[in-house]
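What follows is one structure encoded as C-alpha cells, with my remarks underneath.
The values are calculated or read from the model by the stated rules, or taken from the named source; none is laboratory data. Everything quoted here is computed from the prediction, not taken from an experiment. Here the Cβ is made from the backbone with ideal geometry for all residues, glycine too, and neighbour counts use every protein chain on show.
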Amino acid sequence: MKKISLLFLGLSMAILGCDKAAGDSKTGGQPSGRIVYVNTDTLLNNYEYYKDVVKEFDSKRFALENDLAKRTQSFQNEVALFQRRAQAGGMTEEQGKSTQLALQQKEQDIMMFRDNAAGNLQQEQAKKTDELLTNIQTYLKKYNSGNKFDMVIGYSKGGGVLYAKEDLDITQDVLKGLNEEYKSSGKKPAAADSTKK
C-alpha cells in the first residue's frame, strides 16, 4: 500500500512537472521549476554559524572530558591511598568504614556530575539545533518572497532525493545569504556553562 502511494505521488509530480515545464520558458540563471533544493551537506559544511556552533560544542565537550578525567584521577588516587593504608594497618576499622563510605559518595558525585553535565550539553545542543533550523527556515522564507517557489527541499547524498537537476540547486545563493546575515548580526553562538552541577 505504501509503495502504491509513493508510486502515485511520484507519477503525479512527474506529470505536474512535465505540464509546468511545457508551459514555462527558462529564464537567465533562475531555476526553471517551482520546486528547488538545497544541498544540506554543503550548507552545513559552509554555514559559518554552524561551524561556530560545532567549534563551541567541541570545546565544551573537551573541557568536560578534561574536568571529568581530573575528578576521576583524583578519586582513583584517593582509593589507592585508602587501599595502601588499609593494607598497612594504618587505620582503625571505624576509620576504614567511614573512609569507604566517603569514597562511595565521591564516586556517586562524579557519576552525577558526569550525567548532569552530559544532559545539560545535550539540552544546549538541541536548543542550538533548533536555532539553526529556525535561522535557515526564516532565511528561506525571506529568500522565497522574491522567488515564489512552491517548495524548497533538502538534498543530501543517500537521502530521499535520488536525482535533481543542477539548475534547481539554490544552495550557493542560500549559503551566501545565510552567511551574510550571520556576519552582519555580529552574533556568535552564546556560550553557556554546561558543566554546572
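Key figures
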| quantity | calculated |
| --- | --- |
| Residues that are touching a residue at least 12 places away in the same chain (Cβ under 8 Å) and surrounded by fewer than 16 Cβ atoms within 10 Å (Cβ to Cβ), drawn from segment 108-130 | 110, 112, 116, 118 |
| Residue 72 being β-branched (Val, Ile, Thr), more than 30 Å from residue 187 (Cα to Cα), touching a helix residue (DSSP H, G or I) at 6+ places or on another chain (Cβ under 9 Å) and surrounded by 12 or more Cβ atoms within 10 Å (Cβ to Cβ) | yes |
| Residue in segment 97-112 that is modelled with pLDDT of 95 or more, in contact with a Lys or Arg (Cβ under 8 Å, 6 or more places away or on another chain) and part of a helix (DSSP H, G or I) present | yes |
| Condition met for residue 167 (part of a helix (DSSP H, G or I) and in contact with a Pro (Cβ under 9 Å, 6 or more places away or on another chain)) | yes |
| So residue 173, is it under 13 Å from residue 36 (Cα atoms), at pLDDT below 90, in a helix (DSSP H, G or I) and out of contact with any Leu (no Cβ under 6 Å at 6 or more places or on another chain) | no |
| Options 138, 134, 99, 171: the member that is of a type in the set (S, T, N, Q) and touching a strand residue (DSSP E or B) at 6+ places or on another chain (Cβ under 6 Å) | 171 |
| Some residue of segment 124-131 being of a type in the set (Gly, Ala, Ser) and within 30 Å of residue 174 (Cα to Cα) | yes |
